[in-house]
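A.B. asks: Starting off with a structure, shown below.
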Amino acid sequence: MNTSTITDISEAEQGTSLWRDAWLRLRRNRLAVFGLAVLLVFVIIAILTPWIAPYGYAQQQLAVGATPPSAAHWLGTDIFGRDLLTQIMYGGRVSLAVGFIATAVALVIGITWGAVAGYVGGKVDAVMMRLVDILYALPFMIFIVLLMVVFGRNMLLLFLAIGAVEWLTMARIMRSQVQTLRQQEFVEAAISLGLSPATIIRRHLVPNALGPIIVYTTLTIPSVMLLEAFLSFLGLGVQPPQTSWGLLISYGAETMEEYPWLLLYPGLALILTLFSLNFLGDGLRDALDVRSAKD
Amino acid sequence: MWRFIGFRVLQSIPVLLVVITVTFFLVRIAPGGPFSGEKAVIPEVKAALEAQYRLNLPMFEQYTAYLGDLARGDLGPSFKYPGRSVNELIAAGFPVTAELGLYALLVAIGIGAIAGVIAALRPNTAQDYVPMSVAMIGICVPSLLMGPILILVFGIYLEWLPVSGWGDMPGDKILPAITLGSTYAAYIARLSRAGMLEVMSQDYIRTARAKGLPEWRVVTGHALRGGMIPVVAFLGPAFAGLLSGSFVVETIFQIPGLGRFYVQAAFNRDYTMILGATVFLATLIVVFNLLSDILAAWMNPRLRSQFGD
Amino acid sequence: MRWTCAARRIEPVLKVENLSVSFVTRMGTTKAVDDISFTVDKGKITAIIGESGSGKSVACYSLLGLVPQPPGRIDGGRALFHDQDLLQLDPTALRKIRGRDIAMIFQDPMTCLNPYMTIGRQLMEPLLYHKKVSRAQARSRALELLEEVGIRDPVSTIDNYPHQFSGGMRQRVMIAMALINEPELLIADEPTTALDVTIQAQILKLLASLQAKRDIGVLFISHDLAVVADIADQIVVMQQGRIVEAGKRDAIFRNASHPYTQKLLHAIPHGGKPGERPVCEPLVTVRNLCTWFGSRKSPVKAVDDVSFDILRGEVLGLVGESGSGKSTIGRSLLRLVPVTSGEVRFEDTDVTALQGRALKNLRRRMQFIFQDPFASLNPRMTVYDTLAEPLLLHGLESRGTVGAHVLKLMDDVGLARAFVRKYPHEFSGGQRQRIAIGRALATRPEFVVADEPVSALDVTIQAQILALMQELGREYGLTMLFISHDLSVVRQLADRIVVLHKGTIVEQAGTEDLFERPQQAYTRQLLQSIPGRTLLNLDAPLGESTA
């Protein structure tokens, strides 16, 4: 290497950043790549559903009734003669939307809360985290059921309620990240250089706290989707005419003896999505080298 | 340690108070009174009923009166089952749910912890991959799918086990317990694997090996305790999850437990029942969280002595 | 006493011949230990010296089957212990020897004892497992040994947990545990590296006396030649898996022949700074500085009423053991921790009162060099970003011109220009510390606080970084506060030394004065704890022949 002749930094060889390193490691993890691919396909399908669905959403053929998979109806039809593939595609839109939107709600609340508590520290931190502790001890599942009972099955409320449960973990992770990073010598070095707090947060804290946040976001989505399925299954979540995978599974379970495909395919769609998210999350955890930063 | 326990017990009191208060007012501001669905009720009867449920009092007085009842352990009368108190309904449903929960917990801890420890002993070999793949399935197949699948396979196709009821036929408790416990077995397997791996890489394990202890003594004597602390700390949340999971499982298997009552009460808008059951379940969950925290802290001598005797 | 021979011939306890160990991973096979041979004699101490990655620990662990296989693989050789080859024994037979005939102590007493078990149970375990003794017998034996290794009041502390002991006490417990079966060979892996100097001296003394009393063989692994200078009989020097030199201690210290050994000897800080009288005008004045942490009611007084001056152009050494408050003073001067009371003046400005822009401007003139080069660099920024940040921040360069300045800094700190776009994780510890020094010097500060800048580095790297700092100090005309636990390092650099103990100043004096005529008992204790003192004060300066 002609090391001494370099006169401009652009001549130097580009190093391997940690992000690139992580991406290379993720790419070697076949399950994670599979998960990512499935997820992308599902999301694209969900977005395009209104245009690519084989049948109309409400299109019934009562005379046809429930039929097993055939050339006309790839995944069969339900007891009203509705195309199951179409139902699953529309249900997926709702299930995925709940997963992503409620997680986004959790992310915004959790990160803000945790970052403020961790950065300000002292009494503010103590009060804020004590509140999180108290909320943690609440039986949230039961509360969500209660909310659904009291206020009726409202989608917006569902997003908010689920988001409100899931932000707690996010806040804890963010806080512990910020606290650990604040004590790192490179942050002290940045302070002693005279950098402003805003610059320190932007250049030194955020990029380093991102890894665990990405991992836990990926792992929060499946638990949110499960929550939605749980509520819909009980008849407390999404309600007709809208549908979701949880609701389809609940219908399928009622008639599974006669028409097992009505349970099988919505179930497979849900399981495949959960697998993909969990594989991707585990893969990201390994690739970004995130230790259990849960508390 | 006693200070720690005292501190945690004190901390639980506001939690319970929040639960009771929030639940009470949520239920009270819910649209639709208890009798709004029915035909016009004779005013005198309505007044009598309202007096019975204290609906004629101002909201805050209702609240304080309810707190007073709670202190005496009285959850009040049911809206929908005239003449029956919420206490009676819970007393009828809870033993069933408790039994189901206990079996599920045994399934979860028994299978989960053993699988996790076995996997951690030889990481990245078949001994690790097989149980962890099964655990992944356990996590990704929620009980609302696991139940129907088990029914279909073992109840309908193989006809090995009954698919509904509780205590009516031999073996009818097996499928519900597995359905409810499977998810938590999977979580516990992953937690105990991670915990054991962490501990097995510690320097003091090397010390134990350098003493010449056989491997099983290293694992049982030195590694297990530290490795299981995360699992013990998880038992509280797991218990909460089992209780809410029982809603689904009891519905699937038609088990007359508290979970099914709760869901039915939700559909019937039986507000006193919802209120009472929520308070009851929340108390249980808070108590179990407390116990699992205390147990986990007690297992760690540093924490134990930090709070002094 | 089976080996008391008629002729007092020295018996080897352990004879290792042609040992080779490699690690097989997906990335390929690496030879960790390559064809090494050494012996440990009965009643003698053999020291294996090497820097990180030299294979010294792997060699010793593989003897006892403590290297996990895979990825480890023993390629060949013999290790004779009583005519049986340890490398050929099956795991069960080897386990019977471990802890009974051959015992080990490890580096970090904080992590090597099981935190979930009382020390009594841990002590008794080898005895109960290897010998047929009752619990009561085992307990009384454990109590005797605790007494012998100097644990005060063993009867009441035997049922305590490890966290209730200090680091030095825990290492004593480890030693007691190793000796409880009266082994014939003790393998000590860096047993004092994690300890303070005065504790280190005590533990070394204890080890030597226990060893002499029992007449056992000791294999002592260390990275530090000075540490073993006082106690070793034989010294084996390893580098990259091979033995480069071996021999009697005095032979090694007086006429080392291999260049690497000579390099190690040179790396031991010795001698003082060539005396240039600095100008006698204070640049930094510290008066009645107090930095307390924790609650107002019962504060931890990390720094308690400390006053000293730092003169323009001098290097002031700040010396103390862990918990002495030396780092806190450094951080207080630069406002990295809030000062409780007192005054810090930089020229005429009171540093403790500055805010906003004035503080930022002052920060350009005073900088900090941190201990851990793995933590002090932002892992997501290239060297270029790290070095350019201060230059751009203080407007010393514009975006267009900063590149040339960064490359100049790379030259100054001895890093190849080609590495300018690499990330910290692609560098070694020494290289990272060079980057950190470059960052601190980028703004051409007048005053630098260096907090243990070399203590995380291998000894030879340590010597290079110290040399660099001396050179740059002259070139940049720096005034420096050099914080260290290591008196011999400070002696090499500092013009004057301040000795700290528990947050207060014990003594301050010119470097040579302090070393020749220490006034306080604590200073004398510190000086006596410097490892290898006797050998390093040999008449001829070390390695003169090759200098």
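Values in this text are rule-based calculations from the coordinates and carry no lab data. None of these values were measured; they are calculated from a predicted model. Every residue, glycine as well, gets a Cβ built from its backbone with ideal geometry; the counts of neighbours run over all protein chains shown.
A.B. asks: For A:Ala71 and B:Arg3, FRET efficiency with R0 = 51 Å and r from the beta-carbon atoms, rounded to 0.05?
C.D. replies: 0.10
A.B. asks: Could you work out the Kirkwood radius for chain C, taking every pair of different alpha carbons, averaging 1/r and inverting it, reported in Å?
C.D. replies: For chain C, the Kirkwood estimate is 25.8 Å.
A.B. asks: Could you give each residue of the stretch B:250-265 its phi-based ³J(HN,Hα) in whole Hz, using Karplus coefficients 6.51, -1.76, 1.60 with θ = phi - 60°, and x for Gly or Pro?
C.D. replies: Here the 3J(HN,Hα) series is 5, 5, 4, 9, 6, 9, x, x, 5, x, 5, 4, 4, 4, 5, 4 Hz.
A.B. asks: Exposure proxy check: C:Cys280, C:Cys290, C:Cys60 ranked by fewest other beta carbons within 10 Å?
C.D. replies: Lowest to highest Cβ neighbour count: C:Cys280, C:Cys290, C:Cys60.
A.B. asks: Going highest first, how would you order A:85-92, B:74-81 by mean Cβ packing within 10 Å?
C.D. replies: Values: A:85-92: 22.8, B:74-81: 18.4.
Highest-to-lowest ranking by the protection proxy: A:85-92, B:74-81.
A.B. asks: While we're here: Which entries in the list A:Lys123/C:Lys502; C:Lys44/C:Lys263; B:Lys211/C:Lys326 go over 30 Å, if you measure between the two C-alpha atoms of each?
C.D. replies: B:Lys211/C:Lys326
A.B. asks: Suppose a student asked you for the relative contact order of chain A, using Cα pairs under 8 Å spaced at least 6 residues apart; what percent would you report?
C.D. replies: Values: 376 pairs, mean separation 75.6, N = 295.
In percent, rounded to a whole number, it is 26.
A.B. asks: Please report the antiparallel percentage of DSSP beta bridges with both residues in the protein assembly as shown, rounded to the nearest 5.
C.D. replies: That works out to approximately 55 percent antiparallel.
A.B. asks: Could you pull out every residue, at least 5 positions away or on a different chain, whose amide H is within less than 5 Å of the one on C:Ala32? Hs are placed 1.01 Å off N in the peptide plane, and Pro or chain starts have none.
C.D. replies: The list, which skips near neighbours in sequence, is C:Val21, C:Ser22, C:Phe23.
A.B. asks: Using alpha carbons only, how many degrees (0 to 90, rounded to 10) separate the axis of helix B:43-52 from the longest principal axis of chain B?
C.D. replies: Value to nearest ten degrees: 40.
A.B. asks: Show me the ranking of peptides C:307-313, C:323-329, B:266-272 by mean Cβ neighbours inside 10 Å, starting with the highest. The partial results should precede the final answer.
C.D. replies: Working: C:307-313: 18.4, C:323-329: 23.4, B:266-272: 20.0.
Packing order, densest peptide first, comes out as C:323-329, B:266-272, C:307-313.
A.B. asks: Go through A:75-84, B:185-194 and give me the packing order, highest mean Cβ count within 10 Å leading.
C.D. replies: On the way: A:75-84: 21.5, B:185-194: 24.7.
The packing order, highest mean first, is B:185-194, A:75-84.
A.B. asks: While we're here: Based on the Cα atoms of the protein assembly as shown, what semi-axes does the equivalent ellipsoid have, where each is the square root of 5 times one gyration tensor eigenvalue, given in whole Å with the largest first? Don't skip to the answer; put the middle values down first.
C.D. replies: Values: eigenvalues 774, 269, 195 Å².
Calculated on Cα positions only, the semi-axes equal 62, 37, 31 Å.
A.B. asks: How large is the direction-averaged shadow of the alpha-carbon convex hull of the stretch C:25-149, in nm²? The partial results should precede the final answer.
C.D. replies: On the way: hull surface 41.1 nm².
Over all viewing directions, the stretch C:25-149 projects a mean Cα-hull area of 10.3 nm².
A.B. asks: Now a separate question. Remind me, relative contact order of chain B in percent, using alpha carbon pairs under 8 angstrom and six or more residues apart? Each step should come with its number before you reach the end.
C.D. replies: Numbers: 366 pairs, mean separation 85.6, N = 309.
Computed over chain B, the figure is 28 percent.
A.B. asks: Pop out the ³J(HN,Hα) list for the stretch C:450-465 in order, Karplus 6.51 cos²θ - 1.76 cosθ + 1.60 with θ = phi - 60°, rounded to Hz; leave Gly and Pro as x.
C.D. replies: 10, 9, 6, x, 10, 6, 8, 10, 4, 4, 5, 5, 3, 4, 5, 5
A.B. asks: Now for a different question. Enter the mean number of other protein chain beta carbons within 10 Å of the beta carbon of each residue in A:267-276, as an integer.
C.D. replies: 3
A.B. asks: Using θ = phi - 60° and the Karplus form 6.51 cos²θ - 1.76 cosθ + 1.60, what ³J(HN,Hα) does each residue of the stretch B:153-169 get, whole Hz, x for Gly and Pro?
C.D. replies: Along the stretch B:153-169, the couplings run 6, 8, x, 9, 6, 7, 6, 8, 10, x, 10, 8, x, 8, x, 8, 10 Hz.
A.B. asks: How are the alpha carbon pair distances in the stretch C:167-310 distributed across 10 Å bins from zero to the largest one, expressed in percent?
C.D. replies: Binned Cα distances yield the sequence 9, 26, 23, 19, 17, 5, 0.
A.B. asks: Which residues' amide hydrogens lie under 5 Å from the amide hydrogen of C:Ala47, considering only partners 5 or more residues apart or on another chain, with H built in the peptide plane?
C.D. replies: For C:Ala47, whose amide H was placed from the backbone, the distant partners under 5 Å are C:Phe220, C:Asp233, C:Gln234, C:Ile235, C:Val236.
A.B. asks: In the neighborhood of C:Phe106, defined by Cβ-to-Cβ distances under 15 Å, what is the net charge if each Lys or Arg adds +1 and each Asp or Glu adds -1?
C.D. replies: Residues near C:Phe106 contribute +3 overall.
A.B. asks: Here's a follow-up. List the extent of the Cα atoms of the stretch C:374-442 along each of their three principal axes, largest first, rounded to whole Å.
C.D. replies: 30, 20, 18
A.B. asks: Let me ask you something else. Would you calculate the separation in nanometres between label points at C:Ser398 and A:Leu40, each defined as 7 Å from the Cα along the Cα-to-beta-carbon direction?
C.D. replies: 4.3 nm
A.B. asks: Let me ask something additional. Run the helix sum for the protein assembly as shown: -39,500 (n - 2.57) per DSSP H stretch of 4+ residues, divided by residue count, reported at 222 nm to the nearest 500 deg cm²/dmol.
C.D. replies: On the way: 43 runs with 616 residues, N = 1151.
Theoretical 222 nm ellipticity from helices: -17500 deg cm²/dmol.
A.B. asks: While we're here: Let me know the mean shielding of C:121-131 by other chains, meaning the per-residue number of their Cβ atoms within 10 Å of its Cβ.
C.D. replies: Working: counts 1, 6, 0, 0, 8, 5, 1, 0, 6, 3, 0.
Counting Cβ atoms of other protein chains within 10 Å of each residue's Cβ and averaging gives 3.
A.B. asks: Compute the distance from the alpha-carbon center of the stretch C:192-210 to that of the stretch A:74-132, in whole Å.
C.D. replies: About 57 Å separates the Cα centre of the stretch C:192-210 from the one of the stretch A:74-132.
A.B. asks: Top mean-square fluctuation among B:Pro123, B:Pro162, B:Pro43, Gaussian network model of chain B, C-alpha springs under 10 Å?
C.D. replies: In the Gaussian network model the winner is B:Pro43.
A.B. asks: How many partner chain Cβ atoms sit within 10 Å of a residue's Cβ in peptide C:422-429, on average, as a whole number?
C.D. replies: Mean partner shielding for this stretch: 3.
A.B. asks: Pull up all non-local amide H partners of C:Glu245: gap of 5 or more, or a different chain, and H-to-H distance under 5 Å with H placed in the peptide plane.
C.D. replies: C:Val237
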